[in-house]
Amino acid sequence: MNEHFIFAGHDTVALAKKFGTPLYVISENKIIEAIDLIKKSFEEYGLDYDINYAGKAFTNIAMVKIIKQQGISLDTVSGGEIYTALKAGLDPKRICFHGSNKSAQEIREAIEAGVGVITIDSFYEIGLVGRIAKELETVQNVHFRVSPGVEAHTHEYIQTGRIDSKFGIPVNMAVRAARMIIDEEYLNLTGVHCHIGSDISSPKPFEIAATTMLEIVYNIKEMGVEIEALNLGGGFGINYLHDDPVFDVEEYVHTISKIIRKQCDILGIKIPKIIVEPGRYIIGPAGITLYSIGTIKEIPYLRKYISVDGGMADNPRPALYGAIYHAVIANKYNKEANELYTVSGKCCETDMLIKDILLPQAAPGDILAVLNTGAYNYSMASHYNRLQSPPVVLLKDDKAELMVKKDTYENLIQNDVVPSWLED
Ligand code: LLP
């Protein structure tokens, strides 16, 4: 019997051996599966739709190429993400530029590149984007972000649709914002947006948000402008652990399509195109991280620590949000998990990756596979302790090739410069 953990048809122990550890592994097949499920659900319920993959969850050139091949769009939040998308050859019309504090330079670059949509996040940005579009003599399609006052049940730091939030225009000021945008000569208001939080497990809060947003669409129509698109944001949850509640994307589309049809009918407005912006749902389950186990320390009657060769530098989520991950020992996959361990990273502080997990008896040299690490791991990684960022390997069918190279020591010092008074 094969004792090895197989991910997307690949032997993870062989991947660790070939590419080294720590190693991020991403499955293109799983990415496509998730995108297809969203597409299929929208097609089933007959809504005009687009998917804006939220690049903040995981972006690099190859990832954007996958997005391009799948015929979907990209949500970006910085000049760097836009630059990556353009370098990957994505049609700029497929780029939506978000962010709560876009710089004037980023806005200028985005308009010059010809991005499809800029989502205005504040009253301040209405004037800023309007002025820059005018200077460039370019009429820019814009949406604006509303904080609809919906509390989604998720970690406090990633609830972003509340009124007490830095994001978006408060719902009771949405009409005023729309008026100001319409009055800007070089802004073309085509949509409204909300994003109520991340890793949400139930469609219910989205239903409430959709209802609120359609009232705004109605109010804008009363001003003589027909809104083409309603962006309901991302936030679809995933199962980090087996018993986490399952976010059912089909149920989500079913729920929102019912409420959207009903409300549009009541309000006498055209059903807008629905845009969704999932990041985690598309890339989270498509990724795992492989580590080698090194030091094992047992404190009798208290705790058994196993240390891995990565940690909070490649996955800051446990330290930041108390995120909980499941893991397996890839080379002992069929062995009984009957030892209670705490998995710690190698960074010089507590760096607890997983507190209390049952695993088979571990030994130095074993390969630990942490599951569902595709989202917000690579993209939030740091060089803390001057650790080299792990490479990222992309799997497609039976192929496995790098999509990001491993950092070298040279990379770590490439931007270091020595002030004149310190030169030897
Ligand atoms: N759209 C907007 C406007 C967003 O702000 C976000 C996430 C998304 C889409 C994608 O959300 P998703 O579908 O991935 O949940 N670093 C945190 C997550 C922060 C999410 C911020 N905004 C984490 O590691 O959990």
Where does each of 84-91, 386-393, 288-295 land if you order them by average Cβ count within 10 Å, highest first?
288-295, 386-393, 84-91
Along the Cα-to-C-beta direction of A14, a point sits 7 Å from the Cα; which residues of the stretch 320-342 have their amide N less than 15 Å from that point?
331
The computed P(r) of the chain puts the percent of Cα pairs beyond 43 Å at 18
Return the calculated 222 nm mean residue ellipticity for the chain, to the nearest 500 deg cm²/dmol, obtained by summing -39500 (n - 2.57) across DSSP H runs with n ≥ 4 and dividing by the residue count.
-9000 deg cm²/dmol
In whole angstrom, and with the biggest value first, how far do the Cα coordinates of the stretch 133-271 range along each principal axis?
53, 34, 25
Segments 250-259, 366-375 sorted - mean Cβ within 10 Å per residue, highest first:
366-375, 250-259
Given a 1.4 angstrom probe, what's the average accessible area per residue across the chain, in square angstrom?
45
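What is the packing order of peptides 181-190, 401-410, taking the mean over residues of other C-beta atoms within 10 Å and listing the highest first?
For the peptides 181-190, 401-410, the packing ranking is 181-190, 401-410.
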Using a 1.4 Å probe on the protein chains only, how many percent of the accessible area of the chain belongs to carbon and sulfur?
51
With viscosity set to 1.567 mPa s and temperature to 4 °C, compute the Stokes-Einstein D of the stretch 1-51, Rh being the Kirkwood radius across alpha carbon pairs; µm²/s, no decimals.
96
Can you sort H383, H193, H242 by solvent-accessible area, 1.4 Å probe, largest first?
H242, H383, H193
Note: L412 to D398 extended length (0.36 nm per residue) minus current alpha-carbon separation gives 1.8 nm
Per residue of the stretch 132-137, in order, report the coupling 6.51 cos²θ - 1.76 cosθ + 1.60 (Karplus, θ = phi - 60°) as ³J(HN,Hα) in whole Hz, putting x for Gly and Pro.
5, 4, 5, 4, 8, 6
Evaluate E = 1/(1 + (r/R0)^6) for I163 and E423, where r is the Cβ-Cβ distance and R0 equals 56 Å; express this FRET efficiency to the nearest 0.05.
0.55
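Report the extension gain between E43 and H242 in nm, rounded to one decimal, defined as 0.36 nm multiplied by the number of residues separating them, less their alpha carbon distance. Intermediate values should be presented prior to the final figure.
Details: separation 199, 0.36 × 199 = 71.64 nm, distance 2.90 nm.
Value of the extension gain: 68.7 nm.
The values are calculated or read from the model by the stated rules, or taken from the named source; none is laboratory data. Note that this is a predicted model, so its numbers are computed, not measured. Positions of Cβ are generated from backbone atoms using ideal geometry, with glycine treated the same way; all protein chains shown enter the neighbour counts. Surface areas here come from the heavy atoms of the whole protein model, side chains and all, with no ligands, DNA or RNA. Shrake-Rupley method; radii C 1.70, N 1.55, O 1.52, S 1.80 Å.
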